[in-house]
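The values are calculated or read from the model by the stated rules, or taken from the named source; none is laboratory data. Fair warning: this is a prediction, and the values are worked out from it, not measured in the lab. Note that we place each Cβ from the backbone using ideal geometry, even for glycine, and neighbour counts take in every protein chain shown.
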Amino acid sequence: MSDPTETAAADATADATADATTAAAEPETDSAYWARYYAVTLERPAWQTVRKAIELFAAEGRPAGSHPGFAVDLGCGGGRDARALLRAGWQVLAMDRESEAIRVLESAAATERGLGERLSTATGDFADFEVPACDVVNASLCLPFVPRDQFDGMWRRIVAALPAGGRFAAMVFGDHDASAGEEGMTCLSPDEFRGLLGGFEIEFWTETEEDKPTALGEPHHFHLVEFVARKLA
Ligand SMILES: C[S@@+](CC[C@H](N)C(=O)[O-])C[C@H]1O[C@@H](n2cnc3c(N)ncnc32)[C@H](O)[C@@H]1O
């Protein structure tokens, strides 16, 4: 399992490495892995993709008045992006397979005045999740965990949920990522992702490739593709 690195992770990484060493005797469950991830990343800033999407909508005067603005945050984790959307005035549906993710997000949102009122949550698997009609779909570092045979269907449901002018903000793994080829993971080439965005105007796009520790301190070769795209019609 892989997750991205972040530069300010030194303390958290040391803690996580110590935890991992202690737990080495028994294989760690996915849920336990993700629970550690949420604890480490909870207070990290929102990713640049969601921040960029928020800025692009704000430049159009949204969300406001007749456009309250509804965002869906897929694979929300501890909710760093969901909380950024809430702070910017969006209604947010945050979903994740892990009930711990939803618990962490809901309790963090409850500590900030007004955020919890615009937050709804869903615990479930992407495979069964009908993305509701919304103005923006955010998917940070979660779509790589969709198996290849489910990936195109998931992508179609995201695209179908957006109106013309809606935005899709995502961080995905490219085909040079260390996770490429792992069972259950989908890591496509940047050109393949561009192809999937045929009905969109790409407003922001970056590709980075580097060796770094993950947020939980594991060495990893990252190939990250990050984009914000606006649906054309
Ligand atoms: C690397 S974390 C990213 C969390 C959050 N988006 C962030 O950037 O901090 C990936 C998240 O995707 C969720 N996830 C993975 N596969 C999933 C699936 N099939 N259905 C729903 N959520 C899934 C995991 O539970 C985890 O919370």
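Things worth noting here:
- Yes/no for Glu226 being closer than 20 Å to Cys76 by Cα and either hydroxyl-bearing (Ser, Thr, Tyr) or part of a strand (DSSP E or B) (or both): yes
- Extreme residue, nearest to Gly69 (Cα to Cα), among residues of the range 108-140 that are more than 13 Å from the ligand (Cβ to nearest atom), free of Cβ contacts under 8 Å to residues at least 40 places away in the same chain and outside any loop (DSSP other than H, G, I, E, B): Arg118
- The listed residues are Leu105, Leu143, and the only one of them that is aliphatic (A, V, I, L, M), near the ligand (Cβ under 9 Å from one of its atoms) and modelled with pLDDT of 95 or more turns out to be Leu143.
- Total residues in the range 38-78, condition hydroxyl-bearing (Ser, Thr, Tyr) and touching a Leu at 6+ places or on another chain (Cβ under 6 Å): 0
- Residue, farthest from Gly217 (Cα to Cα), within the range 28-43, restricted to residues that are among the β-branched types (Val, Ile, Thr) and more than 9 Å from the ligand (Cβ to nearest atom): Thr29
- Test result for Asp191, free of Cβ contacts under 8 Å to residues at least 12 places away in the same chain and closer than 22 Å to Trp34 by Cα: no
- Residue count for the range 46-82 satisfying the condition of being in a loop (DSSP other than H, G, I, E, B) and more than 8 Å from the ligand (Cβ to nearest atom): 9.
- Total residues in the range 189-218 satisfying the condition of being out of contact with any His (no Cβ under 8 Å at 6 or more places or on another chain) and either polar (S, T, N, Q) or modelled with pLDDT under 95 (or both): the figure is 2.
- Verdict on Gly195 being small (Gly, Ala, Ser) and in contact with a Pro (Cβ under 7 Å, 6 or more places away or on another chain): no
- Some residue of the range 67-82 being under 22 Å from Ala35 (Cβ atoms), of a type in the set (A, V, I, L, M) and free of Cβ contacts under 8 Å to residues at least 12 places away in the same chain: no
- The range 86-97 - residue that is within 12 Å of the ligand (Cβ to nearest atom) and aliphatic (A, V, I, L, M) and, of those, surrounded by the fewest Cβ atoms within 10 Å (Cβ to Cβ): Met95
- Any hit, the range 161-180, residues being in a strand (DSSP E or B) and either over 21 Å from Asp96 (Cβ atoms) or of a type in the set (Lys, Arg) (or both): yes
- Selection from the range 42-84 of residues that are over 15 Å from Val136 (Cα atoms) and surrounded by 23 or more Cβ atoms within 10 Å (Cβ to Cβ): Gly77, Gly78, Gly79
- If you check Ala233, Ala133, Ala169, Ala164 for being of a type outside the set (S, T, N, Q) and surrounded by 17 or more Cβ atoms within 10 Å (Cβ to Cβ), only one passes: Ala169.
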